[in-house]
1. Do any cysteines of the protein assembly as shown lack a neighbour Cys whose Cβ is under 4.7 Å away, and which are they?
2. With springs only between Cα atoms under 10 Å, which of B:ARG124, B:ARG212, B:ARG169 fluctuates most in a Gaussian network model of chain B?
3. In deg cm²/dmol, rounded to 500, what helix-only [θ] at 222 nm does chain B give when every DSSP H run of at least 4 residues adds -39500 (n - 2.57) and the total is split over its residues?
4. Which of the DSSP-defined H helices in chain B satisfy a minimum axial length of 24 Å, computed from C-alpha atoms, and a minimum mean Kyte-Doolittle hydropathy of 0.5?
5. Hey, what do the phi angles of the stretch A:3-10 turn into as Karplus ³J(HN,Hα) couplings, whole Hz, using 6.51/-1.76/1.60 and θ = phi - 60°, x for Gly and Pro?
6. Report, ordered by chain and residue number, the lysines lying within cross-link reach of B:LYS109, taken as a straight Cα distance under 17 Å and ignoring same-chain residues fewer than 8 apart.
7. To the nearest whole number, what is the average tally of beta carbon atoms from other chains within 10 Å of the beta carbons of peptide A:125-133?
8. Across the stretch B:85-95, in residue order, what do the Karplus-derived ³J(HN,Hα) couplings come to in whole Hz, using 6.51 cos²θ - 1.76 cosθ + 1.60 with θ = phi - 60° and x for Gly and Pro?
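Please treat every number below as a calculation from the coordinates, not as lab data. Remember, predicted model here, so these are calculated numbers, not experimental data. Reconstructed Cβ throughout: ideal geometry from the backbone, glycine too, with neighbour counts over all protein chains shown.
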Amino acid sequence: MQTVSEEQVWEALREIPDPEIPTINVVDLGIIRQVAVADAVIRVEMMPTFVGCPAIDMMRRDIRERLGPFGPVEVVVVYDEPWTTERITAAGRRMLLQAGLAPPPRGDIRLTPVSSQPVPCPYCGSTDTQIENLFGPTPCRSIFYCRACRQPFEQFKAV
Amino acid sequence: MTPEAREPLARYLLTIADDELVLGYRDSEWTGVAPIVEEDVAFSSLAQDEIGHARLLYTLAAELTATDPDQLALRRPKGDYYHARLLEFRATPKYDPSGQHQAGGDWAKAIVRRYLYDLFDDLRTEIIAESSYPPLAAAIQKVRREERYHLRHDEAWWHALAGGPAEGRERLERAIAALWPDALGLFEPAPGEERLVAEGILPLTTAELRLRWVERVAPAFARHGIPLPDERAAPAVGGRRGEHGPGWDELYDEMTMVRRLEPDGAW
């Protein structure tokens, strides 16, 4: 039995930024599925955003370090349920925008991996934008160009 | 799952993982030498996704065989890799430190390989998603969501080359003719697939996907008036039994080089 509560663990996890997009934390990114404090070990279940994401190990280490003062920690990476961009919270979508990243389009990506709706530019809000590349600097991003403010920008891919 | 199914399942998982690993390595070779910078980015991402998928599948196989994913990915003997032969040849020019790079790279071959393979892999992952082995069915759902982007990318290039100026179209048709027997080799089954089908771990054998694949491939050819090669042509088989060509000799040496120099290195 832990002296720390589940709420305290969630609160602490909210302080851990995503290593590649530091304006968003791991909780609002939706990658923490479950926290359990009932046993001797604090158990955190984490869902990777992309299977080949190199940040998985970094985030696992960051979580262990942040929760370490509360007691022994076990971080389990789970694959039995896919993380999807629908798991990003409303606050998380705003945090992406602050990083200059357009939030992922909503809807069934199995039918439309590329949004049929125009993607608003995170800098100026214009919808006069075009996709430049389905792929980007990390597995989870696509590259766009805003014709209004003439800025390239990135979008968090819907998966 | 019965004890008799463990070994065929581990072998089947290795087959898929090896496909993804080998294609991932080969595609990573385009980084910096693709025809446009956007494709340097795209192929780097494609490669990273595929190697990530391989890691996940090696992890599942390692759980069945009491080993670890690195052992499976980089420490098996050369003849114990089971990828299809289509995936092992180098499509880029060969880099040489002297600056005298060898010619022979072909973007059209890279695109044809990706497209024909991804159409196959889409059908394969579709049936695996129905597997009665829960860890596999769940993991593959995640993989499928990422592969949507790959197919989208392949299709764009297929249409660009097929509908573009004469050289692109000619190269595309030459690549199709050259790779067709290798593409048919994708349907060579892994040993023991019948056992997996009998237990519901696999809904269909790999060979049974061939007709569905032809149905998917045919419209892409027809749309541009490209004649569909003979689907009863002799496939280039052997890959699923560990028999490979010179492309694999070269790639195996390169991808296991660091591991062989520092077998227990950690980083």
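1. By the Cβ distance rule, which asks for a partner under 4.7 Å, the isolated cysteines are A:CYS53, A:CYS140.
2. Comparing B:ARG124, B:ARG212, B:ARG169 in the GNM, the peak value goes to B:ARG212.
3. It lands at -21000 deg cm²/dmol.
4. Working: long enough: B:3-28 (38 Å, -0.35); B:37-65 (42 Å, 0.23); B:107-128 (30 Å, 0.00); B:134-163 (43 Å, -0.83); B:166-184 (27 Å, -0.29).
Within chain B not a single helix satisfies the rule.
5. Each residue's phi maps through the Karplus curve to give 7, 8, 8, 4, 4, 5, 5, 4 Hz.
6. Those lysines meeting the cut-off are B:LYS94.
7. Taking all residues of A:125-133 together, the mean is 1.
8. Along the stretch B:85-95, the couplings run 5, 3, 8, 9, 6, 7, 9, 8, x, 7, 6 Hz.
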